[in-house]
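Taking it in order: structure first as structure tokens, then the write-up.
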Amino acid sequence: MPKPKPSSLPPLRPLLPSGLNHAGSSTVKLPAERGIPFFRDQGHTGPTRELYRSLLRNTKPSGSLAQVSASTQGSTFDRGQSEGDVVDWAAIRRNIRQEWKKRRGLTSIPQANTFLSTQHNLLSRLNTTTQDLITLSHDLAKRQAKAELRSIPKPTPKPYLAGYLRPTHFHPPLPRLKPQPISLTLMIKKRIAARARRLEVQRHLMETGHDIQGEMGLMRNLRVREGLDEMKGFWREVGVMKEVVQRGYERDEDRKAGVFGVGVVRRVEAARRGRQEWKRLRSKEKREAASAARDETVQDSSND
């Protein structure tokens with residue numbers, strides 16, 4: 001069956017809800033042309049951009065809202081009022097920018113309708129200058145301040161000498177640090193992976209060597225000379241690779257057999273003595289504070 005030509009195919013049209021129409025409460029308009037999604041149609045994008053601009057324009061203190069608030073009798077928007085009675089326009093504007101940036105890629109009609117409806121309601125609240133606008137702005141300011149505090153990275157604790165890190169196949173003798181530096185952790189992890197790969201290569205070389213020996217023995221029994229020199233070359237290459245692997249194991253053994261230097265021992269012992277002295281002083285301060293609290297309690301009870 002021949003395929004239909006592209007020109008004979010019907011134009012594509014997105015699936016739209018049955019209750020969606022041009023008029024009514026829906027803020028998303030049907031595309032004027034068939035096959036164009038609503039988020040690419042100018043009938044929708046134009047009013048949406050205008051709504052965004054109106055929201056930003058109405059959050060400027062020098063705009064119409066400031067004039068309306070200044071002329072309102074008994075208004076709580078006056079600049080002479082306390083800080084808690086003034087609208088935080090910067091918080092509202094920042095929240096609007098964040099919300100629109102978060103949802104700029106919406107292609108769902110119900111989600112777009114819900115978001116645009118909330119923004120229309122916000123625009124009407126901005127134009128009415130009611131008391132709840134002050135509460136809204138301060139709530140947004142507090143929420144944004146908490147988000148900024150959460151986004152601040154915690155300071156990395158400074159490592160201190162805690163003892164000796166005994167040598168293994170993966171690291172030489174080192175002073176033990178708490179917390180352990182990331183570079184040292186990554187070095188140990190890399191050497192563990194290298195040793196695992198070396199074991200795998202060694203296993204493969206042993207299997208290959210057994211196969212080559214079997215082939216050479218069979219060729220000698222059959223008195224076949226053709227290809228024997230090539231097999232001997234393979235055997236020599238396997239021997240060279242085995243020596244490389246063995247040198248890696250020897251490096252691991254030398255690393256494990258290392259000893260701590262005099263300087264490392266001196267630094268670790270000095271750090272241990274300093275930490276013990278710090279713990280002793282801290283315990284003494286706690287005991288003195290507890291004793292002072294008990295004496296104060298006894299004195300208060302005797303006065304009563």
Determine if segment 86-107 includes at least one residue that is on the phi > 0 side of the Ramachandran plot and modelled with pLDDT under 85.
no
Can you confirm whether L184 is in contact with a helix residue (DSSP H, G or I) (Cβ under 9 Å, 6 or more places away or on another chain), under 27 Å from W278 (Cβ atoms) and aliphatic (A, V, I, L, M)?
no
Could we say that K232 is assigned by TED's automatic domain parsing to the domain that holds R191, assigned to a helix (DSSP H, G or I) and without any contact (Cβ under 8 Å) to a residue 40 or more places away in the chain here?
yes
Give the residue that is nearest to the chain's Cα centre (by Cα), with candidates limited to residues of segment 207-227 that are assigned to a helix (DSSP H, G or I) and among the β-branched types (V, I, T).
T208
Write out, first by first residue and then by second, each pair whose Cβ atoms fall under 9 Å of each other, whose residues are 6+ apart or on separate chains, and whose first residue, in segment 40-53, is in the same structural domain as E99 (by TED's automatic domain parsing) while the second is outside any loop (DSSP other than H, G, I, E, B) and of a type in the set (V, I, T).
Y52/I96
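Out of the residues in segment 212-223 that are of a type outside the set (S, T, N, Q) and surrounded by 13 or more Cβ atoms within 10 Å (Cβ to Cβ), which is nearest to Q246 (Cα to Cα)?
Here the residue is I212.
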Among the residues of segment 47-85 satisfying the criterion of being at pLDDT below 50 and touching a helix residue (DSSP H, G or I) at 6+ places or on another chain (Cβ under 7 Å), which is farthest from E148 (Cα to Cα)?
S75
Is at least one residue of segment 237-248 within 40 Å of the chain's Cα centre (by Cα), modelled with pLDDT of 90 or more and surrounded by 10 or more Cβ atoms within 10 Å (Cβ to Cβ)?
yes
Test for E226: is it at pLDDT below 90 and assigned by TED's automatic domain parsing to the domain that holds R176
yes
Which pairs turn up if I take residues in segment 87-106 that are over 28 Å from Q131 (Cβ atoms) and touching a residue at least 60 places away in the same chain (Cβ under 8 Å) and look for partners that are buried (at least 16 other Cβ atoms within 10 Å of the Cβ) and of a type outside the set (V, I, T) with beta carbon separation below 6 Å, at least 6 apart in sequence or on another chain?
L106/A112
Would you mind finding the one in K256, K178, K189 that is among the basic types (K, R), out of contact with any strand residue (DSSP E or B) (no Cβ under 7 Å at 6 or more places or on another chain) and within 26 Å of P157 (Cβ to Cβ)?
K189
Checking the conditions here, which among S137, S151, S183 is surrounded by 15 or more Cβ atoms within 10 Å (Cβ to Cβ) and among the hydroxyl-bearing types (S, T, Y)?
S137
Taking the residues in segment 258-304 that are among the acidic types (D, E) and in a helix (DSSP H, G or I) as candidates, determine which candidate is farthest from R166 (Cα to Cα).
D300
Restricting to segment 100-111, give me the number of residues that are closer than 13 Å to P37 by Cα and either hydrophobic (A, V, I, L, M, F, W, C) or surrounded by 14 or more Cβ atoms within 10 Å (Cβ to Cβ) (or both).
2
Taking the options P175, P181, name whichever one is in contact with a Lys or Arg (Cβ under 8 Å, 6 or more places away or on another chain) and at pLDDT 85 or above.
P175
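Basic (K, R) and at pLDDT 90 or above: is that true of R255 in this structure?
Yes, satisfied.
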Just to verify a result, which residue in segment 160-206, among those that are free of Cβ contacts under 8 Å to residues at least 60 places away in the same chain and in a loop (DSSP other than H, G, I, E, B), is nearest to F260 (Cα to Cα)?
R166
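Which one of L199, L218 is of a type in the set (A, V, I, L, M), out of contact with any Pro (no Cβ under 7 Å at 6 or more places or on another chain) and modelled with pLDDT of 90 or more?
Criteria check complete, one pass: L199.
The values are calculated or read from the model by the stated rules, or taken from the named source; none is laboratory data. Keep in mind it's a predicted model, so treat the numbers as computed, not measured. Glycine gets a Cβ as well: all are built from the backbone with ideal geometry, and neighbour counts include every protein chain shown.
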